[in-house]
1. Does segment 80-103 hold any residues that are surrounded by 21 or more Cβ atoms within 10 Å (Cβ to Cβ) and either out of contact with any Phe, Trp or Tyr (no Cβ under 7 Å at 6 or more places or on another chain) or closer than 16 Å to Leu128 by Cβ (or both), and which are they?
2. Leu31 - would you say it is within 21 Å of Ala115 (Cβ to Cβ) and modelled with pLDDT of 80 or more?
3. Which one of the conditions (1) among the aliphatic types (A, V, I, L, M); (2) free of Cβ contacts under 8 Å to residues at least 60 places away in the same chain; (3) crowded, with 16+ Cβ neighbours inside 10 Å does Ile69 fail to meet, given that it meets all the rest?
4. Condition first: closer than 19 Å to Ile84 by Cα, of a type outside the set (A, V, I, L, M) and exposed (fewer than 14 other Cβ atoms within 10 Å of the Cβ). Now tell me which residues in segment 41-66 satisfy that.
5. Using the structure shown, decide if Arg129 is of a type in the set (D, E, K, R), within 16 Å of the chain's Cα centre (by Cα) and assigned to a helix (DSSP H, G or I).
6. Find the residue count for segment 1-40, including only residues that are hydroxyl-bearing (Ser, Thr, Tyr) and over 26 Å from Ile84 (Cα atoms).
7. Quick one: count up the residues across segment 101-120 that are closer than 17 Å to Asn22 by Cα and modelled with pLDDT under 90.
Amino acid sequence: MIVLGILTSFAAIAGLCWLVFNLAVFALPFLVGLHTGIWAYGTGAGWFGAILVGGFAAGLTLAIGQALILLVRPLWARFVIALIFVVPAVLAGFHATLGITRAMILSETWQIVFAFIGAGAVGVSAFLRIAGSASEPSDSSPVSA
């Protein structure tokens, strides 16, 4: 029974890590949507209005970021836009890894060390996903005669 609990814990941690790596790119749009929704609720929009405004702001942030990465030509500007999306992902990765390590490791020093390693891994993953979306589409359409 103990072995089943340990295996379940490892499966849950693996699932959480998979979620962090796959959803890290959306950390900035999520934060923008969350804060916009909180602002809308504070101005009297109600729950439904706050959810609509927050969702619209999150989608708009993601669409603007992707459009800028595809349309901006200078490499340094693309890098800056990618960093704007990667920094919140790194922070999310740090805190997610820190939360996982606090449940498993007693030493606070090692918790922080693993949290920094996790933040770096999530940051690299998010940067590679964003850089992959910025790659030029190949022109593989057939030539019409």
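The values are calculated or read from the model by the stated rules, or taken from the named source; none is laboratory data. This one's a predicted model, so the numbers in the text were calculated from it and none came from an experiment. FYI the Cβ positions are ideal-geometry reconstructions off the backbone, even for glycines, and counts take in every protein chain you see.
1. Scanning segment 80-103 gives Ala82, Phe85, Val86, Ala89, Val90, Ala92, Gly93, Ala96.
2. So Leu31 fits the description; yes.
3. Result: Ile69 passes all but (2).
4. Gly59 - this is the single residue of segment 41-66 that is closer than 19 Å to Ile84 by Cα, of a type outside the set (A, V, I, L, M) and exposed (fewer than 14 other Cβ atoms within 10 Å of the Cβ).
5. yes
6. The qualifying residues number 2.
7. 1
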